[in-house]
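Visitor: Quick one: structure below, then a few questions.
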Amino acid sequence: MLDAQALKGDFPIFANNPGLVFLDSAASSQKPRAVIEAISRYYEHDHANVHRGAYALSERATEAYETARRQMARFLGAQPDEIVFVRNATEALNLTAYAWGLEHLRSGDEILLTEMEHHANLVPWQLLARRSGARIRAVPFTKEGRLDLDAFAAMLTDRTRVFGLTQMSNVLGTVNPVAELAAAARERGALVVVDGAQGAPHLPVRVSELNADFYALSGHKMLGPTGAGVLWGRREALADLPPFLGGGNMIEEVTIERSSYAPPPQRFEAGTPAIAEAIGLGAAADYLMALGMENVWEHDRALLEYALERLAEVPDLHLYGPRGEDRGGVVAFNLGSLHPHDLASALDQAGVAVRSGHHCAQPLHRRLGVAASARASFYVYNTREDVERLLQALKEARRFFASWM
Amino acid sequence: MLDAQALKGDFPIFANNPGLVFLDSAASSQKPRAVIEAISRYYEHDHANVHRGAYALSERATEAYETARRQMARFLGAQPDEIVFVRNATEALNLTAYAWGLEHLRSGDEILLTEMEHHANLVPWQLLARRSGARIRAVPFTKEGRLDLDAFAAMLTDRTRVFGLTQMSNVLGTVNPVAELAAAARERGALVVVDGAQGAPHLPVRVSELNADFYALSGHKMLGPTGAGVLWGRREALADLPPFLGGGNMIEEVTIERSSYAPPPQRFEAGTPAIAEAIGLGAAADYLMALGMENVWEHDRALLEYALERLAEVPDLHLYGPRGEDRGGVVAFNLGSLHPHDLASALDQAGVAVRSGHHCAQPLHRRLGVAASARASFYVYNTREDVERLLQALKEARRFFASWM
Amino acid sequence: MSLLEELYRETIMIHAQKPHNFGALANPTVESRGHNTSCGDMITIYLQSDGERIADVSFQGQGCAISQSSASMMTDLVKGRSFSEARELIKKFKEMVVEGKEAAPELGDLRALAGVSKLHSRVKCATLAWNALEQALVEAQNK
Amino acid sequence: MSLLEELYRETIMIHAQKPHNFGALANPTVESRGHNTSCGDMITIYLQSDGERIADVSFQGQGCAISQSSASMMTDLVKGRSFSEARELIKKFKEMVVEGKEAAPELGDLRALAGVSKLHSRVKCATLAWNALEQALVEAQNK
Ligand SMILES: Cc1ncc(COP(=O)(O)O)c(C=O)c1O
Ligand SMILES: Cc1ncc(COP(=O)(O)O)c(C=O)c1O
């Protein structure tokens, strides 16, 4: 198990904000000193543009950047040339939708998603559907908050060309049986695109075992800097993928009329990459691997179970999401008829940072029958005491708003 | 005038690499302490996801991010809601090509570019031309290295739907008469897209005076971090522009089938932005504004003139680019029949960092009649002594390779 | 008084629970929508007008106590006013909640929302209805 | 001896100036292209073969002294060899310039390129022709 209280010491934000209970890591995690310093150190010692230099500094920068690629490959159980650096999961999913979709999708084709997708795995497909004439269908989830597997089986047809799903819901915490569903979808000939934005930071992931073609993640949710994420693609899937962004570094030969393109992963990294950010992300992956992703997952799970147990004490608290092993450290809730925004402000006044709103998952909330929710999410630096503070703040808020609920 | 020797002290890279003569700022500049520290400080004190939080930390992060937008607006003489944060100039240009082009371009339309464009302002239009059936034409440049204005006048027709050009060439150093050419193009009804990747770091820019619709820049070339750039769009041009990347933060209402989109600039910033990077870029813009962009330009110009004068001493040195006021601090050259890669390695051994290759401008080099060149480029921290060192290293290299040239 | 107490006064909570002028008008001259993209809250303003005076105004939508009470009190306040008076009130209200300036007396009950200026993330909640009204006035004038 | 002197030896410069086996073969079994995306240099390998033995090999393209001399000496060395011998030489050469291992005697003149391993940015120049050859062997075998 992790010693979360000790780990807090690795994260300068806590020393600089005494008393802060940060419960919004599902939106973006805090950064350990190792990551912040990897970035400063790079700028102070080694910065130059990568790949194109013929001098020592540029070699060092290139080496550091490619080391980050290897670190991410190790983190995901992948090969370095399957790792494409992007800004975030959103860009990774858009890259897939544009590059694969504009080439392959036709009118009458279907894109199968789920009703628990984040907008990042929904809107890119809508933009594509509008251009291609393809149609979007979405697998509903049950009252417990799990994907409806019968509905999935019925909705997966020979018209299904893409199946996109999240590994873990950012609202319900549900961990989906990705490998199983992906295998069924690939058998039908569908491209499988997995949104790992919540999965990668919290679960031990071996992408090769997911039966997926593409896997998207955001570095800033896994202790890394903003501005860096990864699109992993199976080697064959990447090899067949046409370019997305055009520009320097992704080409072989350019004339005014046409160009030939470099092999993956370069083909998908047009222009000067987010070098320092990739390096920071590599440092974050190392930090997490040193903790052990199994331990991270167990820590999240233990905090979640403790939180669910304690939150049962609060009257009028509606909790969303399933109970069981297939649930990560995310708790979305509503308190009576109180709007989650007002609730979140009250918690904030007590030093407890939770998010409120639709969490970029409007269809999910529509299915839950609410417009919005408040959400607490846990990560390596959260302790039982943080849960305790949440509980106390919720009780106080309930007292404060008692006559209006 | 700037005191470049004193400014070197602001850039930790020089203290950590004694003797380094860094002449590759056109590829990517070094970073002042103020920028590096703005990033660390943000992570250590204020990080949370922006826009969506209901707690103090997220408010501070949002405020810092939006302050960066205002700083960039001030730097460019624009309005904050005209500033879209992207990764780099490459992404900015692709955004324009995809969002505007997929919607508006048809077979038979023409995209007018120039032969001195960087691949970043060429390949995105090629990808678009392939999808839309539009045709690319490119204005040639003269032997002196200036755009051929007669050719421009002849090539600009009613079929021209887009005119894309670089404000300053990254190889020749040529500063193009953007406002004049843009006015002519807009009069013909063409969309004007300016690549400011080299212009923004080196010239005083008031985007509103350029007669352009869009202007792209990279933060990492103007003392800012990697991972942050800007697409500026005239307010009306942005208002009419459909979204590019889909996802969180750029929407109003989302159902499974369709979505409505937020107004600019949010519409174009899908997902979690490069928050720390935008903040770092804001700090870089402040640093440059404190120096005064007129002074930066004069400094570059003075170094260039000095370099051109001194480099004339080296026999067999072929210099590219025009002589005159319309030329920034970039010197591309070849030494006899020596391949620029071999030359750059020799200079590197003398501690002088220059780039060699096609500098992502293959059509430009084709027009020059060479496959590649070596390039020295100047910025605020470069001194006359740096030029001197380049000169000495060139002379040494010439002696070393004498029997093979 | 804690910031929470300062913000969630009785006036505000009563308006939030039973908002005035709630529901669509039968034949509005213009309808204008406001979105709070940070939380998904949404409001529609219905305006009945000759282009110079607000004959009637109402709103619909859902949101937090701050946005609902703000819309409720706003519609009470601007009903029957001329466009220029309404614009002046919009300006005064924004000065209060965005810039934290002292509350203008003509804002009446809305002065209870002054505390919002100290809670930046809620400023958008308070101004949601006001921005939609501003938009509605422009549209009504151009009709 | 400076790194520069170590790298740019006479052997290398002579090969670079007058490369052996330069030019297209008349009827190659396969042609294979290599690009150095970092500088734009390009090489084409022409291979004449029954799928087991390299009957003839040549190259064309342009590039720096390192890439040209490497291609020139490589084609000299592998001509007439079996595919498995050629693969072994490719492996040995890469071990020398990529990993910095001691130069294998069978590399002959190519050992002059050992210094490249100390100048990372030039490793791609030295291996450009070798990667294209590797590719050509695969294609010839699948024919
Ligand atoms: C003129 C010009 N345009 C575009 C770019 C592309 O910039 P980036 O790689 O930062 O996207 C560069 C720099 O490489 C450039 O010099
Ligand atoms: C499940 C899921 N997918 C995608 C995203 C988008 O991530 P980003 O905003 O970093 O692109 C998020 C986080 O907001 C998420 O939780």
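Computed from the coordinates by the stated procedures, all read-outs in this text should not be read as laboratory data. Because the structure is predicted, anything quoted here is derived from the model rather than measured. Don't worry about glycine lacking a Cβ; one is built from the backbone with ideal geometry, like all the others, and counts go over all protein chains shown.
Visitor: Quick one: order D:37, B:383, B:142 by neighbouring beta-carbon count within 10 Å, fewest to most. Numbers along the way, then the final one.
Guide: Details: D:37 22, B:383 19, B:142 14.
Least crowded to most crowded, the residues run B:142, B:383, D:37.
Visitor: Quick one: length gained pulling residue B:5 to residue B:319 fully straight, 0.36 nm per residue minus the C-alpha distance? Write down the numbers at each step before the final one.
Guide: Numbers: separation 314, 0.36 × 314 = 113.04 nm, distance 2.66 nm.
Taking residue B:5 through residue B:319 to full extension adds about 110.4 nm, to one decimal.
Visitor: Along Cα→Cβ at 7 Å, what distances in nm separate the residue D:79 label point from those on the other copies, shortest first?
Guide: 9.9
Visitor: Something else about it: For labels at residue C:95 and residue A:157 in the simple 7 Å Cα→Cβ model, what's the distance in nm?
Guide: Going by the 7 Å Cα→Cβ label model, 6.2 nm.
Visitor: In chain C, what residue has the beta-carbon at the shortest distance from the axis of the rotation relating C to D, and what is that distance in angstrom, rounded to the whole number?
Guide: So the chain C residue sitting closest to the axis is C:37, 20.
Visitor: Can you give the local net charge around residue B:223? Use residues other than it whose beta-carbon is closer than 15 angstrom to its beta-carbon, Lys and Arg +1, Asp and Glu -1.
Guide: Working: positive: B:8, B:31, B:33, B:221; negative: A:44, B:10, B:24, B:37, B:277, B:286, B:300.
Net of charged neighbours comes to -3.
Visitor: What number comes out for the charge environment of residue A:341, summing +1 per Lys or Arg and -1 per Asp or Glu over other residues with Cβ under 9 Å away? Before the final figure, lay out the partial values.
Guide: Values: positive: C:122; negative: A:342, C:41.
Around residue A:341, the charge tally is -1.
Visitor: Only counting other Cβ atoms within 10 Å, I'd like A:72, A:250 sorted with the fewest neighbours first. Intermediate values should be presented prior to the final figure.
Guide: Working: A:72 28, A:250 25.
In order of increasing Cβ crowding within 10 Å: A:250, A:72.
Visitor: Calculate the radius of gyration of the Cα atoms of the stretch A:35-290 to one decimal place, then report Dmax, the largest Cα-Cα distance, as a whole number, both in Å.
Guide: That works out to 18.5, 60 Å for Rg and Dmax.
Visitor: Residues of the stretch B:1-33 with amide nitrogen under 15 Å from the 7 Å Cα-to-Cβ point of residue B:385?
Guide: Counting backbone N atoms under 15 Å from the label point, the list is B:3-11, B:14-22.
Visitor: Output the 0 to 90 degree angle, nearest 10, between the alpha-carbon long axis of helix A:123-132 and the longest principal axis computed from the alpha carbons of chain A.
Guide: Helix A:123-132 sits roughly 50 degrees off the main axis of chain A.
Visitor: Right, here's the next one. Go from 0 up to the bin containing the longest alpha carbon distance in the stretch B:306-405, width 5 Å each, and give me the % of pairs per bin.
Guide: Bin by bin from 0 Å, the calculated values are 2, 13, 25, 27, 20, 11, 3, 0.
Visitor: Calculate the spin-label point distance for residue A:290 paired with residue B:402, positioning each point 7 Å from the Cα along the beta-carbon direction, and give it in nanometres.
Guide: For residue B:402 paired with residue A:290, the spin-label model returns 5.4 nm.
Visitor: So in the protein assembly as shown, what percent of DSSP beta bridges are antiparallel if you round to the nearest 5?
Guide: On the way: 84 of 124 bridges.
Taking every DSSP beta bridge within the protein assembly as shown, about 70 percent pair in antiparallel fashion.
Visitor: Would you kindly work out, in nm and rounded to one decimal, the distances from the label point of residue D:50 to those of the same position in each other copy, ordered shortest first, with label points 7 Å along Cα-to-Cβ?
Guide: Result for residue D:50, in nm, nearest copy first: 10.4.
Visitor: Using a Förster radius of 30 Å, what is the FRET efficiency between residue A:179 and residue A:34 based on their Cβ-Cβ separation? Nearest 0.05, please.
Guide: For residue A:179 and residue A:34, the calculated efficiency is 0.40.
Visitor: Using the 7 Å Cα-to-Cβ label point, sort the distances from residue B:159 to its equivalents in the other copies shortest first and give them in nm to one decimal.
Guide: Nearest to farthest, the other copies are at 4.0 nm.
Visitor: Taking 0.36 nm per residue of sequence separation and subtracting the Cα-Cα distance, how much length would be gained by fully extending the chain between residue B:253 and residue B:208, in nm to one decimal?
Guide: On the way: separation 45, 0.36 × 45 = 16.20 nm, distance 3.27 nm.
Extending this stretch completely gives an extra 12.9 nm.
Visitor: Which of C:117, C:69, C:58 ends up with the largest GNM mean-square fluctuation for chain C, with Cα atoms connected below 10 Å?
Guide: C:117
Visitor: Per residue, how big is the convex hull around the C-alpha atoms of the stretch B:1-71? Give it to me in cubic angstrom, could you? Don't skip to the answer; put the middle values down first.
Guide: Values: hull volume 9.5 nm³, N = 71.
Here the figure is 134 Å³ per residue.
Visitor: Next question, about the same structure. So, R0 is 56 Å and r is the distance between the beta-carbons of residue C:120 and residue B:310; what FRET efficiency does that work out to, to 0.05?
Guide: Details: r = 55 Å, r/R0 = 0.98.
E(calc), rounded to 0.05, equals 0.50.
Visitor: Rounded to whole Å, how close does chain B get to the rotation axis onto A by Cβ? Give me the residue too, please?
Guide: Taking Cβ atoms only, the nearest residue and its distance are B:227, 2.
Visitor: What pairs from B:143/B:395; D:94/D:118; A:8/B:31; A:395/C:124; A:31/B:8 go past 23 Å between their alpha carbons? Intermediate values should be presented prior to the final figure.
Guide: Working: B:143/B:395 27 Å; D:94/D:118 13 Å; A:8/B:31 30 Å; A:395/C:124 27 Å; A:31/B:8 30 Å.
Table pairs above 23 Å Cα-Cα are B:143/B:395; A:8/B:31; A:395/C:124; A:31/B:8.
Visitor: For an R0 of 56 angstrom, estimate the FRET efficiency from the Cβ-Cβ distance between residue A:142 and residue B:103 and round to the nearest 0.05. Show your work: numbers first, answer last.
Guide: On the way: r = 40 Å, r/R0 = 0.71.
Given R0 = 56 Å and the Cβ-Cβ separation, E is 0.90.
Visitor: Could you tell me the convex hull volume per residue, in Å³, taken over the Cα atoms of the protein assembly as shown? Kindly include the intermediate steps, with their values, before the conclusion.
Guide: On the way: hull volume 193.5 nm³, N = 1096.
Dividing the Cα hull volume of the protein assembly as shown by its residues yields 177 Å³.
Visitor: Which number do you get for Rg(Cα) / (2.2 N^0.38 Å) in the stretch D:76-143? Write down the numbers at each step before the final one.
Guide: Values: Rg = 12.1 Å, N = 68, 2.2 N^0.38 = 10.9 Å.
Relative to the rule-of-thumb radius for its length, the stretch D:76-143 sits at 1.11.
Visitor: Same structure, new question: Which residues in the stretch A:202-226 place their backbone N less than 20 Å from a point set 7 Å from the Cα of residue A:187 along the Cα-to-Cβ direction?
Guide: Only A:208-214 pass the distance filter.
Visitor: Which of these, B:253, B:103, B:209, has the largest mean-square fluctuation under a Gaussian network model of chain B (Cα springs below 10 Å)?
Guide: B:253
Visitor: Ok, one more. Net charge within 14 Å of residue A:295 by Cβ-Cβ distance, Lys/Arg positive one each and Asp/Glu negative one each, not counting residue A:295 itself? Let's see the in-between values first.
Guide: Details: positive: A:301; negative: A:3, A:294, A:298, A:300.
So the surrounding residues net to -3.
Visitor: Same structure, new question: Just for chain B, what percent of DSSP beta bridges are antiparallel, to the closest 5? Don't skip to the answer; put the middle values down first.
Guide: Numbers: 25 of 44 bridges.
That works out to approximately 55 percent antiparallel.
Visitor: Rounded to the nearest 20 debye, what is the charge dipole size of the stretch B:26-89 about its Cα centre when +1 sits on each Lys and Arg Cβ and -1 on each Asp and Glu Cβ?
Guide: Details: 9 positive and 8 negative charges, 44 e Å.
The dipole magnitude comes to about 220 debye.
Visitor: Here's another thing I want to ask about it. Please get the size of the charge dipole for the protein assembly as shown, origin at its Cα centre, with Cβ charges of +1 on Lys and Arg and -1 on Asp and Glu, quoted in debye to the nearest 20. List each step's numbers first, then the result.
Guide: On the way: 112 positive and 134 negative charges, 162 e Å.
Magnitude of the dipole: close to 780 debye.
Visitor: May I ask for the equivalent-ellipsoid semi-axes of the stretch B:187-343, computed as the square root of five times each C-alpha gyration tensor eigenvalue and listed largest first in whole Å? Could the numbers behind the result be given before it?
Guide: Working: eigenvalues 311, 60, 59 Å².
After scaling each eigenvalue by five and taking roots: 39, 17, 17 Å.
Visitor: Taking chain C, how much of its Cα-Cα pair set, in percent, is spaced more than 21 angstrom apart?
Guide: Numbers: 3639 of 10153 pairs.
Considering chain C, 36 percent of its Cα-Cα pairs are separated by more than 21 Å.
Visitor: According to a simple spin-label model (label point 7 Å from Cα along Cα-to-Cβ), what is the distance in nm between residue B:135 and residue D:31?
Guide: Calculated label separation equals 2.8 nm.
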